[in-house]
Amino acid sequence: MSTDNGLIIINLGSSLVTYAILIGLAALGWRKGFRYMLSIAVFITIGYLLTVQGGNYVVGLLNRFYTNFPKLIAFALGRDFNAVDTLDPLIPDNFQAPLLLRVLVFVALLAVGIAYAWPWEGAPLKPNDKAQNMRLLGLLAGLYIGVLGISAASAFWAAAPETLNQGGLLSSALNGLPNYGAVIPSMIGAFLILLLVIILLRFNRVWKT
């Protein structure tokens, strides 16, 4: 933050944006509860593993399936699939297309986690509910979602072409996002262990709505 002729200028590239995201998601988790945040946490984990941790795995998988699709059809029809030519890759091997697909897959999985009402979610907690344990777990889940989301955005932005970095508020905010990639594997492991413990302890209530 700096001042210029009496005006306060906030540098969105600083840690302010990061803290605002983490605090906002933690507050949402505390208000809504763990059940509501769980589906978002699960799908952002899947999205992170496939599109960030896995690099171009999704791109390669889609291209392999698409290019070999004529051979699969020939095999299913009992024909000689070796005589069938493969198709050109659906996603070209350039700088922009694979990254765009990874971003779209990540956003789509996150949207599924947010929008779809999964059986374990139930109703979000009300302000007068005293389920402190669910609120605390929801807060932690919100922080977890925030860390993965920030790291994913930082990784995608770092891999984006320089032509997208045109300055302005959005570029400043994205340039200032940290990448917690070094600690995320441990966080994902802890999250999976937490899920396993909850399932074992509350198996009869996991699917209760």
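Report the normalised scattering of the stretch 150-205 as log10 I(q)/I(0) at q = 0.28 Å⁻¹, calculated by the Debye formula with identical scatterers on the alpha carbons.
So the normalised log intensities work out to -1.05.
Taking the square root of 5 times each eigenvalue of the Cα gyration tensor, what semi-axes in Å does the equivalent ellipsoid of the stretch 37-97 have, largest first? Walk me through the numbers on the way to the answer.
Values: eigenvalues 204, 51, 9 Å².
Calculated on Cα positions only, the semi-axes equal 32, 16, 7 Å.
Could you give the length gained on full extension between ALA111 and ALA97, defined as 0.36 nm per residue of separation minus the Cα-Cα distance, in nm?
2.9 nm
Laboratory data are not the source of any read-out in this text; all were calculated from the coordinates shown. Note that the structure is a prediction, hence the values are computed from the model and not measured.
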